[in-house]
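The numbers here are math on the coordinates, done by the rules we state, and not lab data. All figures in this text were calculated on a predicted structure; none of them were measured in a lab. Every residue, glycine as well, gets a Cβ built from its backbone with ideal geometry; the counts of neighbours run over all protein chains shown.
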Amino acid sequence: MTALTISAQDSVTMLGREIKHTFRFPLMLISSIITPVVMLLLFVYILGGPIGDGLGSAAHGVAYIDFLAPGIIMMTVASGASTTSINVNTDLTGGIIDRFRTMPLTRGAILAGHVGAGVLRTVLTTAVVTGVAVLAGFRPQASAAGGLAVLGVVLAFAFALSWLAAALGLNAKTVAGANGATLPLQFLLPFLSSAFVPADTMPAAIRWFTSNQPFTPVTESLRGLMTGVPVGNSVYVALAWSAGIALAGYLWARVAFNRGAR
Amino acid sequence: MRGLRKAYGEKVVLDGVDLHIGEGEVFALLGPNGAGKTTTVKILSTSIPADGGTAAVLGHDLPAEAAAVRALIGVTGQFSAVDDLLTAEENLTLMGRLLHVPPAERRARVASLLERFDLVEAAKQTPATYSGGMRRRLDIAMTLMGRPRLIFLDEPTTGLDPRSRHIMWQLIRDLVADGVTVLLTTQYLEEADQLADRVAVLDHGRIVAEGTPEELKRRIPGAHIRLRLADAGALDAAALALPEGTRDDEELTLRVPNEGGVRSLRDVLARLGDDVSVDDLSIHTPDLDDVFFALTSTVKEQNR
């Protein structure tokens, strides 16, 4: 066997382990579905009336649920980061990473398994949340190609946030800290993006931040692809951010992983 | 290993450790908390690099040939590193997959390890339901999956009840019977005495003594016979017959230095004669506790 097939085989083994974990302890999977669903219901049925009326033409003329749902899908991707971070940290603090370090296995496989599982979980959670949004009145109008593009953006962003979450999990001292470190990804950045209201409606200073942070182009590209409003260059910006975050997250995770071996 | 050094910032953990461990030997690294035992194990098991000194494991230099070393060793850390969400069987299978054991052999090996470590009934349960002893057994079974030639056991019985400890000792003895080399760390002197062919006492990052348990015990004076006499008169008579003894008038005892063995005991009794009435006699040989306290305290004195 070549080094490459061995490392692929090790990664698949670790991925299988993570998938088993996910279904044996489904609470985290469920909670990363419930959080965005609660947000969806809250904004559609409680806050959505006045927000939708107030937005008017700023929402590109689409119903508020159609404006909101792509943002909620983005939030679903982000809420998966917590699970990955917690799982990586559990392995680290529980000592099993120490065991793996003394075994003749490809070191990258440990994190690759976590990241791969994070991406697969996100596919599942975003599918469920999209289904709930449809039940709540969301009417996506994507073509087949548009649907694939949506999947592509979700996968790229999930991959990026999974690497970042792995790095956060490796840098946290406790499981609670690993969860806490992902809170900005789960809540702060989604709220300070165009997920709930368009950036133009925000105060100037916040508008600048909102327009230039990665969660906005991800939301804009999903919204454009799913509702037919113009996407502009947001898909490329979203993919570029995803590539940048993935690379930074990967390098940071690698440093943190190797630092543990001192 | 020669002159092994390791420091975390200002804190020196290993301060030039030299050790040679023979193949097929059980070697115990004995020391209090913070002596550097775990750090030594981590360096030799390729987890962390040393700051200085040289080390070779089964003919492979560290850290250059770490990959070759990893294929030959098995490590059981201080805290059980089992996967809590997987059953015993799945944990062992995971190890087999990661060690690239072919499927048929892997299944056979999982079954035989479950059998050997008395985990057959618990095979389909996750470790959440296990006792401390069972977790430890699973942990060591996982370590053996790859048929290692050298096993590191870092405080294998810490936190176990006496029964589990004895079971663990027997398992370790069985490993040795298979010809595996074992490096064991422990803070229990009795454990080193029970299991080890040779012992090194580690204190403040330095080896303060090394040898077989017997050799170490011999280095410490303090073997004696303790006689308890019937009354003050008998004590006087005994003290007269055995002038090298130390008397304790309150307890009516006489403590006579004795290097051990039946001959010297017979000699003491002969000199005592038949007329002195002895209530009780006990023989004290220094155990590793005495050695340990004597050695670790002398180092402290020197450092002062």
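For A:A176 and B:D118, what does the FRET efficiency come to when R0 = 41 Å and r is the distance between their Cβ atoms, rounded to the nearest 0.05?
Details: r = 36 Å, r/R0 = 0.87.
Plugging the Cβ-Cβ distance into 1/(1 + (r/R0)^6) gives 0.70.
How large is log10 of I(q)/I(0) for the stretch B:82-209 at q = 0.20 Å⁻¹ when the intensity is taken from the Debye formula with one equal scatterer per alpha-carbon?
Taken in order of the listed q values, log10 I(q)/I(0) reads -1.17.
Hey, what's the Cα Rg ratio for chain B versus the globular rule of thumb, 2.2 N^0.38 Å? Let's see the in-between values first.
On the way: Rg = 24.4 Å, N = 304, 2.2 N^0.38 = 19.3 Å.
It is 1.26.
Multiplying the sequence separation of B:S282 and B:A230 by 0.36 nm and subtracting their Cα-Cα distance, what value in nm do you get?
Values: separation 52, 0.36 × 52 = 18.72 nm, distance 1.48 nm.
17.2 nm is the gain from fully extending B:S282 to B:A230.
Could you calculate the FRET efficiency of A:L183 with A:A63 from 1/(1 + (r/R0)^6), where r is the beta carbon distance between them and R0 is 22 Å, rounded to 0.05?
Values: r = 30 Å, r/R0 = 1.38.
Step by step, r from the Cβ atoms, then E = 0.15.
Please list the three semi-axes, largest first and in whole Å, of the ellipsoid equivalent to the stretch B:176-273, using sqrt of 5 times the eigenvalues of its alpha carbon gyration tensor.
Working: eigenvalues 305, 45, 26 Å².
For the stretch B:176-273, the semi-axes come out at 39, 15, 11 Å.
How about the stretch B:1-51: which GluC sites (Glu not before Pro) there lie in a loop by DSSP and see at most 13 other Cβ atoms within 10 Å?
On the way: sites: B:E10, B:E23, B:E25; in loops: B:E10, B:E23, B:E25.
Passing both the DSSP loop test and the Cβ count: B:E10, B:E23.
Taking only Cα atoms, what is the 0 to 90° angle, nearest 10, from helix B:132-144's long axis to the longest principal axis of chain B?
In chain B, helix B:132-144 runs at an angle near 60 degrees to the longest axis.
Kirkwood Rh over Cα pairs of chain A into Stokes-Einstein at 25 °C, 0.890 mPa s: D in µm²/s?
Numbers: Rh = 18.9 Å.
In µm²/s, the coefficient is 130.
At a 10 Å Cβ-Cβ cut-off, how would you order A:L68, B:L171, fewest neighbours first?
Values: A:L68 29, B:L171 19.
Ordered by Cβ neighbours within 10 Å, fewest first: B:L171, A:L68.
Are there trypsin sites (Lys or Arg not before Pro) in the stretch B:180-242 that DSSP marks as loop and that have at most 14 other Cβ atoms within 10 Å, and which are they? Numbers along the way, then the final one.
Details: sites: B:R198, B:R206, B:K217, B:R218, B:R219, B:R226, B:R228; in loops: B:R219.
Answer in residue order: B:R219.
Note down the relative contact order for chain A as a percent, whole number, built from C-alpha pairs under 8 angstrom at least six residues apart. Can you show the working numbers first?
Numbers: 366 pairs, mean separation 69.1, N = 262.
Value for chain A: 26 percent.
Compute the angle between helix A:64-93 and the longest alpha-carbon principal axis of chain A, please, reported from 0 to 90 degrees and rounded to the nearest 10.
20
Roughly what would the spin-label model give for B:V262 and A:R207, points 7 Å off Cα along C-beta, in nm?
Distance between label points: 10.3 nm.
Show which aspartates and glutamates lie in cross-link reach of A:K20 when reach means a straight Cα distance below 14 angstrom and same-chain residues fewer than eight apart are skipped.
Correct list for A:K20: B:D83, B:D84, B:E89, B:E90.
May I ask for the distance between the Cα centers of the stretch A:203-228 and the stretch B:1-37, given as a whole number of Å?
57
Would you mind pulling out the separation of the Cα centroids of the stretch B:182-207 and the stretch A:81-156, in Å?
46
Under 28 Å Cα-Cα from B:K6, which lysines qualify once same-chain neighbours fewer than 8 residues away are excluded?
Cross-link targets: A:K173, B:K37, B:K42, B:K300.
Can you work out the FRET efficiency for the pair A:F191 and B:T129, with r the C-beta to C-beta distance and R0 = 41 Å, to the nearest 0.05?
Numbers: r = 42 Å, r/R0 = 1.02.
E(calc), rounded to 0.05, equals 0.45.
Work out Dmax and Rg for the protein assembly as shown from the C-alpha atoms and quote the Rg first, both in angstrom.
Gyration radius and largest Cα-Cα distance of the protein assembly as shown: 32.9, 118 Å.
List the GluC sites (Glu not before Pro) in the stretch B:60-154 that DSSP assigns to loop (not H, G, I, E or B) and whose Cβ has at most 14 other Cβ atoms within 10 Å. Which are they?
On the way: sites: B:E65, B:E89, B:E90, B:E105, B:E115, B:E121; in loops: B:E65, B:E121.
In loop regions of the stretch B:60-154 (DSSP not H, G, I, E or B), the sparsely surrounded GluC sites (Glu not before Pro) are B:E121.
Rounded, prolate or oblate: which one fits the stretch B:224-285, using the alpha carbon gyration tensor with axes a ≥ b ≥ c (rounded when a/c is under 1.5, else prolate when a/b beats b/c, else oblate)?
On the way: a/c = 1.76, a/b = 1.40, b/c = 1.26.
Prolate, because a/c is 1.5 or more and a/b exceeds b/c.
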